[in-house]
Amino acid sequence: DFQGMNSKLASFRQLEPSEGHQVRSLSWSPTSDRFLCVTGSAQAKIYDRDGLTLGEFVKGDMYIRDLKNTKGHISGLTCGEWHPKTKETILTSSEDGSLRIWDVSDFKSQKQVIKPKLARPGRVAVTTCAWDREGKCIAGGVGDGSIQIWTLKPGWGSRPDIHVEKGHEDDITALKFSSDGQILLSRSMDGTLKQLILTGTSVEREGTSGGLLCFFDRKRLELISRVGISPTCSVVSCAWHPKLNQVFATVGDKKQGGTHILYDPTLSERGALVCVARAPRKKSMDDFEAQPVIHNPHALPLFRDQPSRKRQREKILKDPLKSHKPDLPVTGPGFGGRVGSTKGSLLTQYLLKQGGLIKETWMEEDPREAILKYADVAAKDPKFIAPAYAETQPAPVFAESDSEEEG
């Protein structure tokens, strides 16, 4: 909204139409109260001016082979455009190899299914589509490089009125009719231009020019001017507004994107000129709002305030497992899994133990003798329960050794 922006050009709302899919096309309605959003998913969406979702078109059954019998697209969309005259009609193209005309008042069904003419049976993606200025013709760019045009008339079908088989050698990325409807502009990934006046370029892998906006002569197709748009991102789409006399170019890659506006202070009208000269509003002391601190010690765990980060870090540092505290080095002789400085490595201990040089003595020791070894110490320095019953507790009497009885 140019009227609500300042020189920072900040948006008032951000949307994510389909999670994980890129936005491939946007188109305003003739009344400019709604816009069509086409993403990489199979369902297009309609939004109002405030960015609220008005509806989502139905998806077709992917197991039905005949595309004319499906209720909607079954693969990702490639392009979409609103009818230039009728506010209830839109056009979409998809990777499933079809173009479809929809009625905005009914999101559950389509008005017409168009299947391009192919050299051999199969499914070839329709990479782009476009209406003419009067909304009487439809143009579609097919993945085999052909350009097909259909004229809307009573009883018309999928057979195109104009079929250019080898329009391009690669995928066609954009189609646009001229204002008089006599010339069709096309752009392709093969690097060729067909009656193209204005186009954007991609960033070359080993080049230093970046994304450029190129202006060509309409009749001779000669390059007139080039304008650098972005040093790192490619120009995805561009448009020249006839009334504002301003050029809009969108750039981006898989991680970031943006919109650039080219204007002339003397020739352009309104549009970006309205907000570029408007400075941001200065912050006043009245704008400051102190955030109140509310303490509720008896709140439920879900609503309880998180403890201090500083205390959490101190608690974690004291925990040897969470802090990943390393074991202290062994200074004495190593044994039982830990290695000292004089007894060799762990592998050496293992080999000695397996060879019988290191013996475990507790397996051959008599348990009775091991307990009586501490009897004198327990009598002189009793602990725990013994001191409480020292006056009433009888003296322990130990049985003689079994070996002596047997002898």
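The numbers here are math on the coordinates, done by the rules we state, and not lab data. Note that the structure is a prediction, hence the values are computed from the model and not measured. Counting neighbours? That spans all protein chains shown, and the Cβs are built from the backbone with ideal geometry, glycine included.
Here are the numbers:
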{"read-out": "Long-range HN-HN contacts of Thr173 with modeled amide H, under 5 Å", "value": "Arg187, Ser188, Met189"}
{"read-out": "Residue (of Ser18, Pro121, Val38) at the positive-pole extreme of the range 16-196, dipole from beta-carbon charges", "value": "Pro121"}
{"read-out": "Simple Cβ-charge dipole of the range 16-196, Lys/Arg +1 and Asp/Glu -1, about Cα centre, in debye nearest 20", "value": "540 debye"}
{"read-out": "Linear extension gain, Trp240 paired with Glu365, 0.36 nm per residue minus alpha-carbon span", "value": "35.3 nm"}
{"read-out": "Highest average packing first - 116-129, 280-293, Cβ atoms within 10 Å", "value": "116-129, 280-293"}
{"read-out": "FRET efficiency estimate (nearest 0.05) - Cβ-Cβ, Arg49 to Glu314, R0 51 angstrom", "value": "0.45"}
{"read-out": "Placed amide H near Gln246: partners under 5 Å, 5+ positions off or other chain", "value": "His241"}
{"read-out": "Whole-Hz couplings from phi, Karplus 6.51/-1.76/1.60, listed for the range 90-103; x for Gly and Pro", "value": "9, 10, 9, 10, 9, 6, 6, x, 9, 10, 9, 9, 10, 9"}
{"read-out": "Calculated FRET value between Leu372 and Ile294, using beta carbons and R₀ = 60 Å, to 0.05", "value": "0.35"}
{"read-out": "Extension gain (nm, one decimal) between Glu169 and Glu222, 0.36 nm per residue minus Cα-Cα", "value": "17.0 nm"}
{"read-out": "Highest to lowest packing among 312-321, 245-254, scored as the average C-beta count within 10 Å", "value": "245-254, 312-321"}
{"read-out": "For the range 197-279, alpha-carbon Rg relative to the globular expectation (2.2 N^0.38 Å, N residues)", "value": "1.17"}
{"read-out": "For the range 90-153: rounded, prolate or oblate by the Cα gyration tensor [a/c cutoff 1.5]", "value": "oblate"}
{"read-out": "Peptide ranges 96-104, 43-51 listed from the most packed, as the mean C-beta count within 10 angstrom indicates", "value": "96-104, 43-51"}
{"read-out": "Amide H within-cut-off set for Ser94, under 5 Å, with H built and near neighbours excluded", "value": "Thr78, Val126"}
